[in-house]
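Just below is one structure, and these are the notes that go with it.
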């Protein structure tokens, strides 16, 4: 039974999406429960696989149609993919549950379609993470992207245009990747990742492989919004509806980074990327530029969600830079940050959802006086902010721990400086919001006892939004405290032996 | 001098398929980036994707190869499902890229569909498909 | 020197007990019940800490690992002499400050008192956490927790002035800890592989002189709560806070956490021998001396009493750093002891300043003419506090000053003796005029304010206790002196 899980976690949401698309014409109220059920099954499957992989130490494999690789399409679940799968399905599930009211309110009669697209998107992400075939990756990449474009397009009035811009750039990225795979096929005759990994070491001086590498990397960079091809992200993520943003923002860029890591480590191999091509240093510089650009741009934003999008761009820089440092600490930091950043971003976008729900705006001013009227939401928000800034014991600190150690070990102090700079900028960004929530509106109430907590108008978020949100914020601390264990038991196994 | 020209010509002729796809890709890319009208951009995007289709399909061709379909008569075994070892692989064009591109065509069509529906929504909101006019409207609030 | 250790969960409990009462504080309907919870937590904390004192005095450390995050590093506690000294000071003064807070906040009818008492509890939790940290990661964690917990306290009044002061507070404190202390910590960890506080530090053999100096300076300026110039500006700015906040946090907890952290890092991570070997101690001592003199000079120019006290604190903190960097036994003893002596003295002074404000609304020294007549108890307490800070008998501050002076002679660095003498003179110069104004200058009739004769009752009780303790400590400086001596012995190994 367990060995069918790699297939189940993608097939169930896929079929459920189709089912929902059909049922939405008959009974709209059934759509949501089916969606949640499908994601629940996927999440359970992902967790079971993670436990299995960690305890046995052996990767799981599923052959579609019974065809063995390298001919057939094979799904491989190793330590890193199992971890990322849990993150994907978990976040998708939590976000869907907490967005229920918003979906019904904002999308009205299109809620069935929305949930169907939501499940398709998740299925695509799951497939991308689990697949062991380079072309299958492209297919699922496009499934994810197309569902993403549609999900974003269902947002505000400006959303279709932002989504269209995203579509153009995203298609360029995916097509570049496809070209890269084409060159790989020409040179090696195989599309199976494991198979490619055995063939490529013999072809290291080939110009074709070099071109394949460049095209694949460029395509992925566009998809993950590295500077300077990040232009689609701020518009797309800030114009999308809250539920869509809560799904897409935490996951898309992180999974793209996972794919980058997968391609570099498992397909092209470490020797090729770092020793033969020696692209490490250039990539780190690009990452530094991304971090600085993202942080500085975030400072200029008055809209809360746009500010978050630029923070996301900076975080992408963290992960790419950490990976291309080429040492164990840096890579662990990058992989750990995939998990941590996904959860942090989810938390922050949930705050956006709550603020939009209550204050009807996602501008900075929506935060006025929130410490008084929404203390629990703000408590969770403070935790998320502290995590982004990098204050122990939240998980964000521990990602930075590994990343900075990696930078120091590599002697790349510019990267360390960029990380510190980004932390300080994040502190400014979030304390600006804290100030608005704490100080404004400026009143003259310096005197007069305020009695117990419930008196002065506490208008908290609805429970269905608040409880998952608080659970996720609490998770930030749990993840932080367990980061050492996550790294030692899971992530270290994903790093090839030669890396120190 | 003439030998040099012949070499260049040979180079281009030998890799004609690659040059074609690259030129086509650049045409599409140019349209996607530089054109003002959203539909023209979409057309450019489609050309861009089609170029890659051409690339894959062209890599599968062989001189003197035939379409990769087996005739029943070519099997010598009594078991109809069993493919004879006498099948000479070198005779057939590589079917795999064709198959891959079938998928890619579907992806392209889907992308086109999504893009066009988004364009329709944009048109409904802004009344125009010209990007500069839309930007003007956005700037004016 | 291998320490015998006792495994006990008490350090963790001591940290957590004040956090645990916060839900009760928040949910209390009656303000006396609410205050009762604070006192309960304060007493519990103090008693827990006191219960570990006998073991520590015998030379045994109490250890406990709360969470093992990395294989060789986690959130761990170690109660040694140095930590015990600081924890005793902080926890005892919390109880007294709470007494004072009740009087102050109620008499001024301040808003959001629940929030105030809650964050006070968090701040104390963090302070004890710093005191009992076994490694630099734990210390950093609680240090940051303190920075964040004190922000709502500093900006309590929630007006524009509070906001800008809050910004300055964060700029220096978070900027220092994230921008300087954090990278320094990571670099240290990379080269040494550990962050545990060890006798003679962990840098020996792993880090060369240039890097050690750089890291020491990064720690010195990074832990901006110690107020070494130029990272001192936040302290006068933080005086917008209500006086009890200023009193405990800026005369005892926050700034002492800074000093404690710096001393801990210098002795436990860099190591006394390394400090001497690479002359790092001399450089830091020089920086501290400059701070002492400049701060004392600036204090002279301040008319607002709390600002004058703030600059006085900046100078006094550098005494602690200077004492430790003298590297002689007496010097280090004096520096560490000064943490305790200065705390009791300074808090008395802040209590008085707040009492004066409560009773008369006066903030500036020039307006305090003839106040001694109206508020004899307060001003007498002020005199005692001043004497302690200046370092004159019969107050406890004399003992720590004495050791500091001995320390300069012992280490043969007589220039620092000069610094100590000059600054003592300056201390006298900026404190005694207040006392003179209060008792020896007649108040003109129209300024006579008959609103309240003396400070609110609770405030008086508090400042009488602390000034009394200051005098008692002169005659009987235990257990602080013993703890200081044990701490020095542990640092030198």
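Post the alpha-carbon centroid distance, segment A:214-251 to segment C:297-315, in whole angstrom.
Using only Cα atoms to place each centre, the spacing works out to 53 Å.
Can you report the principal axis dimensions of chain A using only the alpha carbons, biggest first, rounded to whole angstrom?
78, 60, 44
Only Cα pairs under 8 Å and at least 6 apart count here; give the relative contact order of segment A:1-103 as a rounded whole percent.
Rounded, it is 30 percent for segment A:1-103.
Cα gyration tensor of segment A:134-277, axes a ≥ b ≥ c as square roots of the eigenvalues: rounded (a/c below 1.5), prolate (a/b > b/c) or oblate?
Because a/c hits 1.5 or more and a/b exceeds b/c, segment A:134-277 counts as prolate.
So what's the angle, to the nearest 10 degrees on a 0 to 90 scale, between helix C:136-154 and the longest Cα principal axis of chain C?
Between the helix axis and the principal axis of chain C, the angle is about 20 degrees.
Relative contact order for chain C: what is it in percent, counting Cα pairs under 8 Å that are at least 6 residues apart?
It comes to 16 percent, rounded to a whole number.
Going by Cα centres, segment C:17-38 and segment C:120-143 are how many Å apart?
22
Neighbour counts of other C-beta atoms within 10 Å: give me C:58, C:346 arranged from fewest to most.
The fewest-first ordering by Cβ neighbours comes to C:58, C:346.
To test your reading of the geometry: what angle, between 0 and 90 degrees and rounded to tens, separates the Cα axis of helix C:31-57 from the longest principal axis of chain C?
Roughly 40 degrees, rounded to the nearest 10.
How crowded by other chains is B:102-111, given as the mean number of beta carbons from other chains within 10 Å of each beta carbon?
Taking the mean over all residues of the peptide, I get 4.
What's the ranking of C:38-49, A:311-322 by average number of surrounding C-beta atoms within 10 Å, highest first?
A:311-322, C:38-49
When the Cα centres of segment C:335-369 and segment C:192-256 are compared, how far apart do they sit, in Å?
Spelled out, the Cα-based centre of one part sits 24 Å from the other.
Mean residue ellipticity at 222 nm from the helices of the protein assembly as shown, using -39,500 (n - 2.57) per DSSP H segment of n ≥ 4 over the full residue count, to the nearest 500 deg cm²/dmol?
Here the helix-only value at 222 nm equals -23500 deg cm²/dmol.
Quickly rank B:38-50, B:91-103 as a protection proxy: mean count of other C-beta atoms within 10 Å, highest first.
The peptides rank, most packed first, as B:38-50, B:91-103.
Given labels modelled 7 Å from the Cα in the Cβ direction, how far is it in nm from residue A:61 to residue A:18?
Roughly 2.8 nm, to one decimal.
In what order do A:328, C:401 fall by count of nearby beta-carbon atoms within 10 Å, going from fewest to most?
Ordered from fewest to most neighbouring Cβ atoms within 10 Å, A:328, C:401 come out as A:328, C:401.
Would you work out the Kirkwood radius for chain C? I mean one over the mean of 1/r across all pairs of different Cα atoms, in Å.
Answer for chain C: a Kirkwood hydrodynamic radius of 22.2 Å.
Could you calculate the FRET efficiency of residue A:278 with residue C:418 from 1/(1 + (r/R0)^6), where r is the beta carbon distance between them and R0 is 56 Å, rounded to 0.05?
Here the calculated transfer efficiency is 0.45.
Answer rounded, prolate or oblate for segment A:1-132, using the Cα gyration tensor with square roots of eigenvalues a ≥ b ≥ c: rounded when a/c is under 1.5, else prolate when a/b is larger than b/c, else oblate.
It comes out prolate by the Cα gyration axes.
By its C-alpha gyration tensor, with a ≥ b ≥ c as the square roots of the eigenvalues, how is segment C:79-210 shaped: rounded for a/c under 1.5, else prolate for a/b larger than b/c, else oblate?
oblate
Restricted to Cα positions, what overall size does the protein assembly as shown have along the principal axes? Three whole-Å values, descending.
Extents along the principal axes, in whole Å: 122, 64, 61.
What order do you get for B:59, A:378 when you list them from fewest to most C-beta neighbours inside 10 Å?
Arranged by neighbour count, lowest to highest, B:59, A:378 become B:59, A:378.
Over the whole of A:141-147, what's the average partner chain Cβ count within 10 Å per residue? Rounded to a whole number, please.
Average per residue, whole number: 3.
Could you order peptides C:468-476, A:171-179 by the average number of other Cβ atoms within 10 Å of their residues, highest first?
Packing proxy ranking, top to bottom: A:171-179, C:468-476.
Once you average over the residues of A:401-414, how many Cβ atoms of partner chains fall within 10 Å of each Cβ?
Partner-chain Cβ atoms within 10 Å, mean over residues of A:401-414: 3.
How tilted is helix A:159-188 with respect to the longest principal axis of chain A? Cα atoms for both, answer in degrees (0 to 90, nearest 10).
20
Only the coordinates and a few stated rules stand behind these numbers; no lab work does. Note that this is a predicted model, so its numbers are computed, not measured. Methodologically, a virtual Cβ is constructed for each residue, glycine included, from the backbone with ideal geometry; neighbour enumeration extends over all protein chains shown.
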